[in-house]
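The values are calculated or read from the model by the stated rules, or taken from the named source; none is laboratory data. The shown structure was predicted, so the numbers you read here are calculated from the model rather than taken from an experiment. Note that we place each Cβ from the backbone using ideal geometry, even for glycine, and neighbour counts take in every protein chain shown. The protein model used for the area step is the full one, side chains on, heavy atoms only, and it has no ligands, DNA or RNA in it. Shrake-Rupley method; radii C 1.70, N 1.55, O 1.52, S 1.80 Å.
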Amino acid sequence: MITYEQLFENNKKWVEQKSSGNPGYFEDLARSQSPEFLYIGCSDSRVPANEIMGLEPGEVFVHRNIANLVNSIDLNCMSVINYAVVHLKVKYIIVCGHYNCGGVKAAMESRDLGILNPWLRTIRDVYRLHQDELDQIFDDTKRYNRLVELNVNEQCLNVIKTAEVQRCYKATGYPKVAGWVFDLKKGNLIDLNIDFEQDLKNIQKIYNLDI
Ligand code: CO
């Protein structure tokens with residue numbers, strides 16, 4: 001078991017390791033940030049954003065919540081997208097779900113989850129949108145995993161629905177939006193290859209904020 005005190009020991013070692021090849025490492029880091037990527041992922045402790053992408057401090061702007069949801073009235077997530085697009089001018093916004101997601105699984109259970117009800121309701125809505133497909137999958141694990149993928153797709157659409165993304169993309173060709181799934185059992189990232197251009201066109205039929 002890792003003790004509380006161990007965290008500071010770890011930190012000390014980490015500082016030494018980072019500074020060993022470059023004594024000015026932290027001073028450089030403190031100067032500014034210009035990450036190319038915004039990563040929106042699940043809070044799950046088994047999916048550490050920087051680590052799975054092999055990225056160092058300063059290379060990715062990160063937002064995490066239960067089941068990687070992008071909700072239009074979530075001031076937290078909307079502020080992160082706004083800051084990343086308008087100020088950091090990220091090139092890619094990545095929504096990354098993961099198989100074996102406890103949040104997605106919990107949303108599929110018929111029980112009262114208290115404060116999690118309104119949060120996980122979004123996933124039940126994704127299920128309802130894709131019920132015809134999902135009801136055809138009889139294996140529970142496969143059905144959950146497909147829902148994880150469909151949830152990522154829907155959250156990518158929610159990113160594309162924002163005014164900042166629509167305006168900035170039209171003006172600069174960025175950011176592009178990507179949907180990924182992290183396969184916990186293998187450790188690899190799967191690109192769902194969403195068709196961003198097409199999705200943007202479809203979304204703007206109803207959600208056009210580029211005015
Ligand atoms: Co999760």
Accessible area of R64 in the full protein assembly, 1.4 Å probe (Å², nearest 10): 80 Å²
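Helix check for the chain. Which DSSP H runs span at least 24 Å along their own axis by Cα, with a mean Kyte-Doolittle hydropathy no less than 1.0?
Numbers: long enough: 4-20 (25 Å, -1.72); 140-160 (30 Å, -0.57).
In the chain, no H run is both long and hydrophobic enough.
Set the Förster distance to 25 Å, then compute FRET efficiency between L116 and A163 from the Cβ-Cβ distance, nearest 0.05. The partial results should precede the final answer.
Numbers: r = 29 Å, r/R0 = 1.16.
Once rounded, the FRET efficiency stands at 0.30.
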Value of [θ]222 nm, deg cm²/dmol, for the chain, DSSP H segments ≥ 4, -39500 (n - 2.57) each, nearest 500: -15000 deg cm²/dmol
Residue-by-residue Karplus 3J(HN,Hα) for region 34-39, coefficients 6.51, -1.76, 1.60, Hz, glycine and proline x: 9, x, 8, 10, 10, 10
Cα point-scatterer Debye curve for region 105-211, base-10 log of I(q)/I(0) at q = 0.12, 0.24 Å⁻¹: -0.51, -1.28
Per residue accessible area in Å² of the chain, where ligands, DNA and RNA are left out and the probe is 1.4 Å: 59 Å²
GNM top mover of T122, T141, T162 - the chain, alpha-carbon springs below 10 Å: T141
Sequence-distant residues sharing a close amide H with R64 (under 5 Å, placed H): G41
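Taking N as the number of residues in the chain, what is its alpha-carbon radius of gyration divided by 2.2 N^0.38 Å? Let's see the in-between values first.
Values: Rg = 18.8 Å, N = 211, 2.2 N^0.38 = 16.8 Å.
Output field value: 1.12.
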The chain, accessible surface, carbon-and-sulfur percent (1.4 angstrom probe): 53 percent
